[in-house]
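Read the structure below first, then the notes.
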Amino acid sequence: MPVIGFDWLAGVAPVAVARVPQGRPTVDPVASGAHAHDFLVLFYAHRADGRFVIDNRRWSVTDGDLFVIAPGQVVSFLDPIETTVTDGWAVWFPTDVVRPGKPGAYSSWRSHPLLLPFAHGIHRAQRLCVPPSDRVAWVQRFATLDAELRARHDGHREAALAHLTLLLVAAARLPTGVADQLRSAEEPLLAAVFDVIERRYQEPISLADVAAELALTAGHLTTVVRRRTGRTVQQWIGQRRMQQARLLLIDTDLTVAAISRRVGYPDVSYFIKRFRAEHGVTPTRWRDAAPGT
């Protein structure tokens with residue numbers, strides 16, 4: 001099963017949007033085959049009549065459905081996307097785009113008030129219902145974000161993130177009978193894994209270290225995490241380090257070598273290699289391309 005990663009581009013707002021089924025992007029968050037994402041997805045079905053599967057649970061898709069999809073959830077369509085959703089939108093973005101307002105944990109997005117619908121855990125999808133009276137406004141929000149990202153005028157990054165925030169506020173305010181469910185506790189083992197990663201990603205931590213702290217064998221931990229998230233513990237450690245590296249490159253004047261050490265890579269050459277593999281450019285070029293630098 002493929003895990004679709006976010007297509008980071010230096011200097012471009014880390015938010016993506018697409019009309020469904022028209023305007024489908026190269027990296028498709030609504031691909032027809034079974035797949036998972038390493039980012040957050042809002043999938044709005046403005047006009048729809050079909051079936052949708054998330055983590056082996058079947059959902060009917062009807063007009064006004066808003067699906068909130070967290071990283072690691074396995075998604076597939078039982079019917080072609082063109083017949084399931086005849087008019088809709090998808091917005092997707094990395095977990096670290098909506099900052100908690102303080103230097104924070106990898107898991108901090110889960111406790112952000114605007115991201116509560118995503119924080120229910122990877123085993124249960126969320127379906128919210130947009131009331132008929134609000135649906136035109138929802139379409140306009142997506143279209144406005146799409147126009148901003150296409151134009152890429154000066155300040156487009158800040159504008160795109162502002163439009164994303166408005167979408168998240170609107171989702172958080174939706175009337176729904178599952179509000180209490182959205183606040184349910186996450187799967188405890190995965191929460192414990194991410195807690196260990198958060199506390200120790202700045203050191204040369206390994207799979208064996210995480211497993212030992214949780215009193216599990218490395219093999220068992222690998223199997224569980226990969227089955228439930230589509231990625232290995234090592235990959236989650238690497239992603240947490242890259243998240244912090246991006247923040248430090250944009251928000252500080254630290255040297256690349258200093259940032260490398262701060263995010264758990266004593267060897268700066270290896271850090272640069274890993275960063276380039278993930279983002280397509282070196283850390284220095286990423287910093288140079290950031291707005292305001």
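So here's what we get for this one:
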{"read-out": "Any hit, the range 205-212, residues being part of a loop (DSSP other than H, G, I, E, B), farther than 30 Å from His153 by Cβ and not charged (D, E, K, R)", "value": "yes"}
{"read-out": "All helices (runs of 4 or more DSSP H) inside the range 97-198 with 3 or more residues being at pLDDT below 80", "value": "179-182"}
{"read-out": "Hits in the range 190-230 - residues which are open to solvent by 40 Å² or more (accessible area, probe 1.4 Å) and closer than 20 Å to Asp55 by Cβ", "value": "Thr223, Arg226, Arg227, Arg228"}
{"read-out": "Selection count, the range 242-281, where residues are assigned to a loop (DSSP other than H, G, I, E, B), of a type in the set (Val, Ile, Thr) and either without any contact (Cβ under 8 Å) to a residue 24 or more places away in the chain or open to solvent by 50 Å² or more (accessible area, probe 1.4 Å) (or both)", "value": "2"}
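The values are calculated or read from the model by the stated rules, or taken from the named source; none is laboratory data. Values in this document were obtained by computation on a predicted structure and should not be read as measured data. Counting neighbours? That spans all protein chains shown, and the Cβs are built from the backbone with ideal geometry, glycine included. The accessibility values were calculated without ligands, DNA or RNA, using every heavy atom of the protein model including side chains. Shrake-Rupley method; radii C 1.70, N 1.55, O 1.52, S 1.80 Å.
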